[in-house]
Amino acid sequence: MNNFLPGLYIVSTPIGNLEDITLRALNVLKNSDQILCEDTRRSLKLLNYYDIKKKLISNHKFNEKKILGSIIKLIKSGKMISIISDAGTPTLSDPGLILVKECIKEKIKIFPIPGVSAITTAMSVSGYDEKYFFYGFLPKKEKEIESKIKELKDFNFNIVFFIPAVRINFYLNCFKKVFFGRKIFIGREMTKIHETFYRENLDDFRGFKGSLKGELTVVLSGKKAKNSKENVLNEEKLKSEITKYLKRYTLKDVVKLISEKNNLPKKQVYTLCLNIKK
């Protein structure tokens, strides 16, 4: 016998393969009074596959504030409301966070129903270590992108992004200007028939010739640690570069150029520049 309480249930659903869903998630959906979803057409495919007949309420970024009050009233009246996204776990770069915050404010019970996430799916097969930072979707404009990724460039752990496949080459070019010496993992159509993984060195990766569809999960590895011999060689190379640039540019410009190009702290480059000038 199921003893479900009124409240909001955050239900994880498949990211591709419809069989990637937990028994508990199916049980919760079958017993829900109503189900919130991003796109009713996509959610119906999953629910019909498991013969679940429930009222669906469209809940996406354009209307989630508008319907917030009515959902809170439903739960307070004793209803069991579930929220699902088109794929994966709600609230993680998907609608739902506004509702969760309001439920916390109103002291409404929230129940996590864990399951699939594109984030952990990609990390599990990336081959990188377990430490990662999830960013999600980057801005669309180039200046805003560069501003954001410059904030992340010194993070010494893996970084996970969601990227529209049609713009992957554009974002790759932005990454290559800021993230140096990193590896990149790209997961496409994960858990589906045409599941494909790409593993490349970011500096050398030229991108894709044909256009891709859908949404990609992209993981940049942490900064590569270098041994002492490599550091000595790099320092000699840096000194040569700095000497050449100091003949043409101001000290301030050289520090900025070298630090960004080689992903080094400005203070370290500044010290090298001063030593060379002496």
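The values are calculated or read from the model by the stated rules, or taken from the named source; none is laboratory data. In this text, all values refer to a predicted model and were calculated from it rather than measured experimentally. Note: ideal-geometry Cβ built from the backbone for every residue, glycine included; neighbour counts use all protein chains shown.
So here's what we get for this one:
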| read-out | value |
| --- | --- |
| Residue among Asp129, Asp94 that is exposed (fewer than 12 other Cβ atoms within 10 Å of the Cβ), within 30 Å of Ile184 (Cα to Cα) and at pLDDT below 95 | Asp129 |
| Residues (assigned to a strand (DSSP E or B) and either in contact (Cβ under 8 Å) with a residue 40 or more places away in the chain or among the small types (Gly, Ala, Ser) (or both)) located in the range 183-201 | Lys183, Phe185, Gly187, Phe197, Arg199 |
| Considering residues of the range 70-90 that are in contact with an Asp or Glu (Cβ under 9 Å, 6 or more places away or on another chain) and of a type in the set (A, V, I, L, M, F, W, C) only, the residue surrounded by the most Cβ atoms within 10 Å (Cβ to Cβ) | Ile84 |
| Qualifying residue in the range 202-213 (condition: touching a residue at least 24 places away in the same chain (Cβ under 8 Å), within 19 Å of Leu152 (Cα to Cα) and in a loop (DSSP other than H, G, I, E, B)) | yes |
| Residue in the range 39-50 that is farther than 25 Å from Gly187 by Cβ, outside the structural domain of Phe137 (by TED's automatic domain parsing) and of a type in the set (Phe, Trp, Tyr) present | yes |
| Sole exception among (1) surrounded by fewer than 16 Cβ atoms within 10 Å (Cβ to Cβ); (2) assigned to a helix (DSSP H, G or I); (3) at pLDDT 95 or above for Phe111, by number | (2) |
| Residue ID - modelled with the lowest pLDDT, chosen from residues in the range 34-78 that are closer than 20 Å to Ile113 by Cα and in contact with a Gly (Cβ under 9 Å, 6 or more places away or on another chain) | Asn59 |
